[in-house]
């Protein structure tokens, strides 16, 4: 608790709840960013901070918490300070209560934007890794959604939704596309039997392979093979 003098005597102001601030930085979305930040200010009586000294004291806590959070996201100190200044520069932003609120909100909002960008990059990287794994292991009979989700450290349901969102295909569709593309190469460029190719690209059921092949190409494997010069 902090006390500051006022026209009516002394009023009590709480220090910011740093744990609550950290939670908001990690969970708030841009659509509720301003609302969440206003609740944080209200919680410690921000609008009663008539003293510049107290505004500097409390704003420094918020500034340093946000700077540390940005660092966890990979934002360098030089990037952060280029936008929001050094701690010793805070006073110039805190001349009025309204100016202080606007300055601190700018830090809060930017940290959330950095977090959202970092999460987006991370998710894209996860899907790139999953695609590389599929492209390398498409011929495996045990290559399932659960298998890949375990490989990249995500729950199967979350991985399935994320894969669809990032690629536009569900996992099984993408795997079939990879397998059919490889089988087309083998049908064109080798003299292997169709059933051999089916097994080689990961299909254990020849009839199912033929159905999927026709679905994606409009031809049966044998029809496709007959359009090439390979005998």
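FYI, it's all coordinate maths here, none of it is from the lab. Remember, predicted model here, so these are calculated numbers, not experimental data. Positions of Cβ are generated from backbone atoms using ideal geometry, with glycine treated the same way; all protein chains shown enter the neighbour counts.
The helix-only estimate of mean residue ellipticity at 222 nm for the chain, built from DSSP H runs of length n ≥ 4 each weighted as -39500 (n - 2.57), is -21500 deg cm²/dmol after division by the residue total. Among 122, 59, 78, the residue with the largest mean-square fluctuation in a Gaussian network model of the chain, with springs joining Cα atoms closer than 10 Å, is 78.
Can you sort 93, 32 so the residue with the fewest Cβ neighbours within 10 Å comes first? Mind dumping the intermediate values first?
Values: 93 20, 32 13.
The most exposed by this proxy come first: 32, 93.
On the basis of the beta-carbon distance and an R0 of 22 Å, residue 124 and residue 172 show a calculated FRET efficiency of 0.55. A crude spin-label estimate for the pair residue 89 and residue 27, with each label 7 Å from Cα along the Cβ direction, gives 3.3 nm. In plain terms, the residue of 139, 24 with the fewest other Cβ atoms within 10 Å comes first and the most crowded comes last, giving 139, 24. When only alpha carbons are used to place a centre, segment 163-231 and segment 99-140 end up 34 Å from one another. Relative to the longest principal axis of the chain, what angle (0 to 90°, nearest 10) does the C-alpha long axis of helix 18-27 take? So the helix axis and the longest Cα principal axis differ by about 30 degrees. Let me know the shape class of segment 172-226, please: from the alpha-carbon gyration tensor, a ≥ b ≥ c as square roots of the eigenvalues, rounded when a/c is under 1.5, otherwise prolate if a/b is greater than b/c, or oblate. It is rounded, given that a/c, with a ≥ b ≥ c, falls under 1.5. Mean separation of Cα pairs under 8 Å and 6 or more residues apart, divided by the residue count, gives segment 172-226 a relative contact order of 33 percent.
Between residue 48 and residue 199, residue separation times 0.36 nm minus the direct Cα-Cα distance comes to 47.0 nm. Model label points for residue 139 and residue 68, set 7 angstrom from Cα along the Cα-to-Cβ axis, are 5.3 nm apart. Computed FRET efficiency, Cβ-Cβ of residue 158 and residue 102, R0 30 Å: what is it to the nearest 0.05? Calculated transfer efficiency: 0.20.
Pull out the extension gain between residue 61 and residue 215, defined as 0.36 nm times the separation in residues minus the alpha carbon to alpha carbon distance; nm, one decimal. Could the numbers behind the result be given before it?
Details: separation 154, 0.36 × 154 = 55.44 nm, distance 6.11 nm.
Length gained, residue 61 through residue 215: 49.3 nm.
Hey, what angle do you get for helix 52-72 against the long axis of the chain, alpha-carbon based, 0 to 90 degrees rounded to 10? Helix 52-72 sits roughly 10 degrees off the main axis of the chain. With the simple spin-label model, which puts each label point 7 Å out from Cα in the Cβ direction, the residue 131 to residue 79 separation comes to 2.3 nm.
Based on Cα contacts under 8 Å between residues 6+ apart, the chain shows a relative contact order of 14 percent.
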